[in-house]
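Participant: First the structure, which I've put down as structure tokens, then a few questions once you've had a look.
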Amino acid sequence: MDANAIYVLWLRDMKRFIRAKSRIIGMLMMPVFFLLGLGLGLGSLVHLSGGGSYLEFIVPGIIGMTLLFTSISSGTAVLWDRQFGFLKEIMVTPNSRTSIIFGRVLGGATTAVLQSILVVIISMLVGFNIHWSGITVLAVVFMFLIAATFISLGITLGSMINDFQGFQLVTNFFTLPLFFLSNGIFPLSSLPAVVEAVSFANPLTYGIDGLRNTLTGSGTFAPLWVDFTGAAISAVIMIMIAAYTFGKTDVG
Amino acid sequence: MVNVIEVERLHKEFGSLKAVDGISFYVQEGEIFGFLGPNGAGKTTTIKMLTTLLKPTSGKASVAGYSIAENPKEVRKNIGIVFQDPSLDEDLTGRENLEFHAILYKIGKERRDKKIAEVLKLIELEDKADVLVKNYSGGMKRRLEIGRGLVHEPRVLFLDEPTLGLDVQTRRHIWEYIKRLNDTGKVTLILTTHYIEEADYLADRVAFVDHGKIVALDTPQALKDKLGGDVVSIEVHKEIDNLHRHLKKFKWVKTITKHEGYLDLTVDEGEKKIPEIIMLAQKQGIAVGSASIHKPSLEDVFIHYTGKSIREEESAGWKGRIRAVHMRRNR
């Protein structure tokens, strides 16, 4: 493992994040609309069976959505780097491709977590209450695991697909089902049993429930340790798949 | 002299296409070695194999004493590359591009700062170092890329078409940098180009590449001397093959090559041969459009070996213009 390569790729993402202010605002637009439309608008009509406000239910879901969307689309970075030749510059250096993947995941995940924290702050402004406790900070860990999982998915797709339009199409195919079957906007128990079973295989289910457990003090799906195990295992598997596919890409 | 690169029967096939077809050569330490050939001749593919970006189909090669197949990581530590296509991060500043590169090569902070200052001075970008690369001109970007290739002090620097798409002035400028690099450091340079003048001006030795093979390899001067005498170019619009056959018979015609409406003859005392050639053509009833004489250039040598001008690969517009320049200069 080459720590220098991981560090430099992370640093590069940080510099780009700080410089691209318009992109940060653009990325925040969708979660804000969801927050207002679903959390406040639809929330006044919805009554949860277990009590509590719908806003409280949906904020972890919106954070999960922000992480999912930003992370998958960070796979386009692979495409851009290939387009602009920077990928070659990295690939001819004496660093392992696995280190390059780690650097990318770390940089992308830090960016996505920073954005999610911004979403949490905005949610608090419109009335979301964090249930502060000893495990609240673990929310950041879940954010990180969700981001790592889906950045790896983005890198995997970005390594296999060479054109931007194709990439867009395929990621759209992934993102909506992943989001709808994740207990993000409604509890899984309201789904038919077959569909519910499918959503057990969805990494985002564990991630969002983990956020719910840590931020609001009560999950709707499983205890915290199950959430953590599920999210961590998916992250590790997805990083390995990304390292494998990226290792096989042709730079020439 | 130490051989810093040794290549033995290197092949690369893409399906049924033989991109590189059994190339063998060596490069000595401190040399500027030029690969000259038209687009698609296999120059870039060779460079990609030597820089470990592409695996050869068969054959052996070593760079800086390490096998490209068995020890790619060591090869990478010892080489720098300036790619044909730009490969900078345009959202970073010039200095950041150099810094990131240095960190990727594990160069410590102190040496990094010193080396970057040195490189920035060499490529004359000191005052633009903290500007985002997207605001650089084409020539500045190219200089930055060449500088970046040097930050980690490689033993061998590969330059793949270093002046492609640059205007004539910037090209001259880049040539001066490359010369200076080679003069001041001990870095060995491998250069690919399809600009004749570039290879002639820069390279200590030139390999002509055509259809994946090296067709000739020597110093530019030795290559030109092989043709010897003068080159007489005869422009013929009709019955060029007829005249070609006819002239071939004469002993004083050392070589004769036909290309795009011209017959190029190498002869001694060319100025006396021109009237003779025109008379011979008239006897056959063939009209000569124009005739010119010049000392053999590297381009003539290339035509001699491959039967075509390196520029025939380029677009028609280019061809006309370059031909015009060519004629004017040789008058």
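No lab work stands behind these numbers, since they all come straight from the coordinates. This one's a predicted model, so the numbers in the text were calculated from it and none came from an experiment. All Cβ positions, even for glycine, are placed from backbone atoms using ideal geometry, and neighbour counts span all protein chains on display.
Participant: For the range B:218-293, which GluC sites (Glu not before Pro) are both in a DSSP coil and crowded by at most 13 other Cβ atoms within 10 Å? Walk me through the numbers on the way to the answer.
Facilitator: Numbers: sites: B:E235, B:E239, B:E260, B:E269, B:E271, B:E276; in loops: B:E239, B:E260, B:E269.
Of the GluC sites (Glu not before Pro), the ones in loops of the range B:218-293 whose Cβ has at most 13 other Cβ atoms within 10 Å are B:E260, B:E269.
Participant: Report, by chain and number, residues whose modeled amide H sits under 5 Å from the one on A:D2, excluding near sequence neighbours (fewer than 5 apart, same chain).
Facilitator: A:S96, A:S99
Participant: Give me the number: length gained by fully extending A:S133 to A:S190, i.e. 0.36 nm times residue separation minus the C-alpha to C-alpha distance, one decimal in nm. List each step's numbers first, then the result.
Facilitator: Details: separation 57, 0.36 × 57 = 20.52 nm, distance 2.90 nm.
Full extension from A:S133 to A:S190 adds 17.6 nm.
Participant: Hey, fewest Cβ within 10 Å first, where do A:S152, B:S58 land in order? Don't skip to the end; give the middle numbers.
Facilitator: Details: A:S152 31, B:S58 10.
The order, fewest Cβ neighbours first, is B:S58, A:S152.
Participant: Calculate I(q)/I(0) for the range A:3-248 by the Debye formula, one identical point scatterer on each C-alpha and no solvent, and give its log10 at q = 0.07, 0.08, 0.11, 0.18 Å⁻¹ to two decimals.
Facilitator: Debye output, listed in q order: -0.23, -0.30, -0.56, -1.40.
Participant: Just how far, in whole angstrom, is the range A:68-120 from the range A:146-171 if you go by their alpha carbon centroids?
Facilitator: Here the two parts' Cα centres lie 11 Å apart.
Participant: Right, here's the next one. Can you return the aspartates and glutamates within cross-link range of B:K60? Criterion is Cα-Cα under 17 Å, with same-chain partners fewer than 8 residues away left out.
Facilitator: Candidates past the 8-residue exclusion: B:E6, B:E8, B:E13, B:D21, B:E70, B:E74.
Participant: Let me ask something additional. Please give, to one decimal in nm, the separation of the simple spin-label points placed at B:F250 and B:Q28, each 7 Å out from Cα toward the Cβ.
Facilitator: Each label point lies 7 Å from its Cα, and together they span 4.0 nm.
Participant: Please report the equivalent ellipsoid semi-axes of the protein assembly as shown, computed as sqrt(5 x eigenvalue) of the Cα gyration tensor, largest first, in whole Å.
Facilitator: Working: eigenvalues 797, 118, 87 Å².
Here the semi-axes work out to 63, 24, 21 Å.
Participant: Taking amide H positions as placed in the peptide plane 1.01 Å from N, state which residues far from B:Q28 in sequence (5 or more) or on other chains have amide H under 5 Å from it.
Facilitator: B:V4
Participant: Would you compute, from DSSP H runs of 4+ residues alone, the mean residue ellipticity of chain A at 222 nm, taking -39500 (n - 2.57) per run and dividing by the full residue count, rounded to the nearest 500? Mind showing how you got there, number by number?
Facilitator: Numbers: 11 runs with 181 residues, N = 252.
Value at 222 nm, helices only: -24000 deg cm²/dmol.
Participant: If you don't mind, there's one more thing I want to ask. Pulled fully out, how much extra length does the chain show between B:T57 and B:E271, if you take 0.36 nm times their separation in residues and subtract their Cα-Cα distance? Write down the numbers at each step before the final one.
Facilitator: Numbers: separation 214, 0.36 × 214 = 77.04 nm, distance 5.02 nm.
Separation in residues times 0.36 nm, less the Cα-Cα distance, equals 72.0 nm.
Participant: Say we join alpha carbon atoms closer than 10 Å with springs in a Gaussian network model of chain A; which of A:G158, A:G43, A:G108 then has the biggest fluctuation?
Facilitator: Greatest mean-square fluctuation among the candidates belongs to A:G43.
Participant: Let me ask another. To the nearest µm²/s, what D does Stokes-Einstein give for the range B:52-177 at 25 °C and 0.890 mPa s, using the Kirkwood radius over alpha carbon pairs as Rh?
Facilitator: Details: Rh = 15.4 Å.
D = 159 µm²/s.
Participant: Could I ask something else about it? Apply the Karplus curve 6.51 cos²θ - 1.76 cosθ + 1.60, θ = phi - 60°, to the phi angles in the range B:221-235 and return the couplings in whole Hz, x for Gly and Pro.
Facilitator: For the range B:221-235, the Karplus-derived couplings read 5, 4, 5, 5, 4, 4, 6, x, x, 10, 9, 9, 9, 10, 8 Hz, x marking Gly and Pro.
Participant: So how strong a dipole does chain B carry about its Cα centre when Lys and Arg Cβ are +1 and Asp and Glu Cβ are -1, to the nearest 20 debye? Walk me through the intermediate numbers first.
Facilitator: Details: 53 positive and 50 negative charges, 94 e Å.
Dipole size: approximately 460 debye.
Participant: Filter the cross-link list B:K43/B:K226; A:K21/B:K179; B:K238/B:K272; B:K43/B:K273; B:K186/B:K308 down to pairs whose alpha-carbon distance in this structure exceeds 31 Å.
Facilitator: Going by Cα-Cα distance, A:K21/B:K179; B:K43/B:K273; B:K186/B:K308 fall outside the 31 Å limit.
Participant: I've got another one for you. Farthest toward the dipole's positive end in the protein assembly as shown, which of B:S290, B:Y201, A:Q83, given Cβ charges of +1 (Lys, Arg) and -1 (Asp, Glu) about the Cα centre?
Facilitator: B:S290
Participant: Taking a cut-off of 36 Å, what percent of all Cα-Cα pairs in chain B are separated by more than that?
Facilitator: Working: 15901 of 54615 pairs.
For chain B, the share of Cα pairs beyond 36 Å comes to 29 percent.
Participant: While we're looking at this one, here's another question. For A:V198 and A:I121 in the same chain, what is the full-extension length gain: residue separation times 0.36 nm, less their Cα-Cα distance, in nm?
Facilitator: Here the answer is 24.5 nm.
Participant: Which pairs, out of A:K15/B:K106; B:K55/B:K114; A:K15/B:K115; B:K18/B:K249, put more than 28 Å between their alpha-carbon atoms?
Facilitator: B:K55/B:K114; B:K18/B:K249
Participant: Give the aspartates and glutamates whose C-alpha is closer than 16 Å to that of B:K254, dropping any in the same chain fewer than 8 places away, or say none.
Facilitator: B:K254 reaches B:D225, B:D230, B:D264, B:D268, B:E269, B:E271, B:E276, B:D300.
Participant: Show me, for the range B:132-144, the HN-Hα J-couplings you get by feeding each phi into the Karplus relation (A = 6.51, B = -1.76, C = 1.60, θ = phi - 60°), rounded to Hz, glycine and proline as x.
Facilitator: 4, 4, 5, 8, 7, 7, x, x, 5, 4, 4, 4, 4
Participant: For the range B:1-39, which GluC sites (Glu not before Pro) are both in a DSSP coil and crowded by at most 16 other Cβ atoms within 10 Å? Walk me through the intermediate numbers first.
Facilitator: Values: sites: B:E6, B:E8, B:E13, B:E29, B:E31; in loops: B:E29, B:E31.
Filter output for the range B:1-39: B:E29.
Participant: Mind checking A:81-92 for the average number of partner chain beta-carbons within 10 Å of each residue's beta-carbon? Write down the numbers at each step before the final one.
Facilitator: Numbers: counts 2, 0, 1, 7, 8, 9, 1, 8, 13, 5, 5, 14.
Mean shielding by partner chains, rounded to a whole number: 6.
Participant: Let me ask something else. With runs of 4+ DSSP H residues as the only contributors, calculate the mean residue ellipticity of chain B at 222 nm using -39,500 (n - 2.57) per run, divided by the residue total and rounded to the nearest 500.
Facilitator: Working: 12 runs with 130 residues, N = 331.
So the helix-based figure for chain B works out to -12000 deg cm²/dmol.
Participant: What is the distance in Å between the Cα centroid of the range B:159-178 and that of the range B:53-82?
Facilitator: 26
Participant: Just to confirm the filter: which trypsin sites (Lys or Arg not before Pro) across the range A:1-32 are DSSP coil and have at most 11 other Cβ within 10 angstrom of their Cβ?
Facilitator: Details: sites: A:R12, A:K15, A:R16, A:R19, A:K21, A:R23; in loops: none.
Counting only loop positions with at most 11 other Cβ atoms within 10 Å, none of the trypsin sites (Lys or Arg not before Pro) in the range A:1-32 qualifies.
Participant: Specify the angular offset, from 0 to 90 degrees and rounded to the nearest 10, of the alpha carbon long axis of helix A:54-73 from the longest principal axis of the alpha carbons in chain A.
Facilitator: Compared with the principal axis, the helix lies near 10 degrees.
Participant: Quick one: Karplus J couplings for the range A:19-35, per residue in order, coefficients 6.51, -1.76, 1.60, θ = phi - 60°, nearest Hz, x for Gly and Pro?
Facilitator: 7, 9, 5, 5, 5, 4, 4, x, 5, 7, 4, 5, x, 5, 5, 4, 4
Participant: Give me the dipole magnitude in Debye, nearest 20, for the protein assembly as shown about the Cα centre, with unit charges on the beta carbon: positive for Lys and Arg, negative for Asp and Glu.
Facilitator: Computed about the Cα centre, the dipole is about 820 debye.
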